[in-house]
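These notes are about the structure you will find just below.
The values are calculated or read from the model by the stated rules, or taken from the named source; none is laboratory data. Note that the coordinates shown come from a computational prediction; the quantities given were computed from them, not determined experimentally. Ideal geometry is used to build each Cβ from the backbone, glycine not excepted, and the neighbour counts take in all protein chains shown. Just so you know, the surface numbers come from the protein's heavy atoms only, side chains and all, with ligands and any DNA or RNA stripped out. Shrake-Rupley method; radii C 1.70, N 1.55, O 1.52, S 1.80 Å.
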Amino acid sequence: MKGAGSKRLPFGHAVHRWSFHNPGSWEFVEVLPQSKCRMSNGVNGHHNSSEGELFLSEAFKVILEEAVHKATDVKEKVCEWKDPEELRVLMDLELGDHGESHQQLLQRVRDIARYSVKTSKWPSKLARSFEEPNLNWLSSSCIMRYMVTQSSNSYTYEVAPVFVLMEDVVLRKLRSLVGWSEGDGIFCPGGSVSNMYAMNVARYWAFPQVKTQGLWTVPRLAVFTSQESHYSMKKSAAFLGIGTENVYHVKVDESGRMIPEDLEAKIVHAKSQGAVPFFVNATAGTTVQGAFDPLDRIADISERNGIWMHVDAAWGGSVVFSKKHKHLIAGMERANSCTWNPHKMLMAGLQCSVFLMRDTTNLLMHCHCANATYLFQQDKFYDMSLDTGDKSIQCGRKVDCLKLWLMWKAIGAQGLANRVDIAFASTRYFVEELKKREGFQVVSEPQFVNVCFWFIPPSLRGKENSPDYQEKLAKVAPVIKERMVKKGSMMVGYQPLDGRVNFFRMVILSPQLNHSDLDFFLDEVERLGNDL
């Protein structure tokens with residue numbers, strides 16, 4: 001490969017080569033030492049390095065074409081749907097004793113791309129918090145793969161100096177946006193794990209002996225979270241030995257916001273049962289309705305009762321960038337910790353999740369450290385506080401901070417704020433248009449970029465008082481969902497909630513969306529459901 005931007009970077013016997021052919025496309029090629037890494041062909045177990053270089057070059061072209069070019073082509077399907085039995089045969093997924101040829105492997109790459117859901121195609125962005133394909137994200141992913149070949153692992157400064165410093169800067173910046181001038185934090189593999197960190201650190205804060213002496217030294221503990229909070233709260237309680245029956249679900253109002261009066265009542269009830277309240281989880285952007293709990297009032301209750309307050313802002317935390325919408329998380333600065341997923345609303349690229357803390361006593365390290373002397377020697381020649389690996393429950397840890405850092409560098413804080421504001425504006429337009437159309441009914445007024453609604457087909461309109469109306473309405477969304485997936489036009493989720501039968505949940509994220517895209521969505525739902 002040749003190009004004006006091409007250069008070679010030696011690493012032992014390895015050569016890593018970047019080529020920039022034009023502003024809209026680029027390639028990453030990596031050649032490993034012949035003695036260290038060759039492609040298996042099943043006969044003698046090796047391919048030479050030139051064949052490996054050719055495969056990587058061609059495979060990346062396929063990925064770029066499928067993940068970027070086709071993903072933005074409105075003529076392409078969101079998903080080339082196949083039933084599981086058919087797909088197993090088409091993909092030839094079984095593993096054998098012998099390797100495959102260069103061309104066979106390339107065909108595998110094409111097939112994987114062809115039959116996978118194109119999460120970046122605009123209609124699917126209306127379904128879940130998928131990230132869009134952008135060159136910053138792809139660049140950071142490729143740099144991460146490059147670093148993996150050099151055994152880069154974000155646990156000590158000596159093995160990952162750039163990324164340890166980068167993570168520190170990013171975490172400090174995120175904390176300042178929350179409202180904390182000091183504190184701590186770490187990048188985690190997803191929001192569920194970040195929430196588990198919070199619960200574990202809170203338990204250690206309340207009962208530090210649990211780390212060394214175990215569960216039998218602590219009383220029955222109680223966790224409080226809203227009825228519409230993320231299911232990771234129950235999973236965390238199960239995983240940590242607290243028990244799912246000790247998770248008290250606080251009532252919510254019609255829009256899905258936690259009711260503070262019921263939180264207080266649940267705390268009193270837990271105490272009456274002999275449990276010790278230690279952890280309150282508030283949600284900033286619930287999964288279904290996009291609700292923001294009243295954080296200031298929850299903070300008041302938590303402080304009065306001496307309870308650790310955590311905010312699960314995995315979904316809604318990014319509103320801190322927006323001057324127009326930051327009020328939604330007023331009070332988050334009073335929390336002890338929060339979860340935030342930049343890979344959701346900011347579309348930094350999966351996975352990119354942080355656990356942030358207001359604590360300045362090194363609680364995260366004390367809770368998790370194992371003091372492995374072969375990694376975290378105390379007599380190193382540099383500042384030992386830069387060895388952050390012992391804060392983590394992991395050993396090997398990816399440099400997820402790179403994705404957010406590179407994107408932030410590319411578009412700045414103002415660009416990130418624009419993403420948030422554009423998503424809100426698109427949501428307002430969509431809701432206004434939805435209300436103008438017969439047969440569409442919102443479940444509740446959106447607080448965020450989640451839009452929950454029913455489509456009522458002509459056969460059910462005006463029959464709301466019929467005894468079987470709810471039963472029939474519950475079947476509408478699943479049928480329309482099946483039709484859109486098999487057609488490949490869109491992929492939008494549905495669910496029941498608190499006695500309300502199946503409704504659609506739209507998530508409007510991408511700054512690439514325009515009004516005609518949103519109009520198409522409404523038209524398509526009508527086309528797919530008018531005969532029901």
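Below are the figures for this structure:
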read-out: Filter result for the condition that a residue is assigned to a loop (DSSP other than H, G, I, E, B) and surrounded by 20 or more Cβ atoms within 10 Å (Cβ to Cβ), over G274, G241, G256; value: G256
read-out: Selection count, the stretch 277-309, where residues are over 25 Å from M506 (Cβ atoms), in a loop (DSSP other than H, G, I, E, B) and of a type outside the set (G, A, S); value: 1
read-out: Test: residue in the stretch 335-348 that is open to solvent by 20 Å² or more (accessible area, probe 1.4 Å), assigned to a helix (DSSP H, G or I) and modelled with pLDDT of 95 or more; value: no
read-out: Cross-chain or 6+ apart pairs with Cβ under 6 Å, the stretch 170-192 first and assigned to a strand (DSSP E or B), then of a type in the set (G, A, S) and at pLDDT 95 or above; value: C188/S194
read-out: Residue list for the stretch 476-532, filter: surrounded by 15 or more Cβ atoms within 10 Å (Cβ to Cβ) and assigned to a loop (DSSP other than H, G, I, E, B); value: G488, S489, M490, M491, V492, I508, L509, S510, P511, L513, L532
read-out: In the stretch 412-444, the residues that are surrounded by fewer than 21 Cβ atoms within 10 Å (Cβ to Cβ) and hydroxyl-bearing (S, T, Y); value: Y429, S444
read-out: Residue check, S302 at pLDDT 90 or above and of a type in the set (S, T, Y); value: yes
read-out: Checking M91 against (1) open to solvent by 30 Å² or more (accessible area, probe 1.4 Å); (2) over 22 Å from the mean Cα position of the chain (by Cα); (3) at pLDDT 65 or above, the condition it does not meet; value: (1)
read-out: Residue match in the stretch 445-468 (condition: open to solvent by 10 Å² or more (accessible area, probe 1.4 Å), part of a helix (DSSP H, G or I) and touching a strand residue (DSSP E or B) at 6+ places or on another chain (Cβ under 7 Å)); value: no
read-out: Top-ranked residue of the stretch 214-238 - restricted to ones that are part of a helix (DSSP H, G or I) and more than 20 Å from G191 (Cβ to Cβ), ranked as least open to solvent (accessible area, probe 1.4 Å); value: T217
read-out: Conditions (1) open to solvent by less than 20 Å² (accessible area, probe 1.4 Å); (2) over 21 Å from S444 (Cβ atoms); number of the one not met by E303; value: (1)
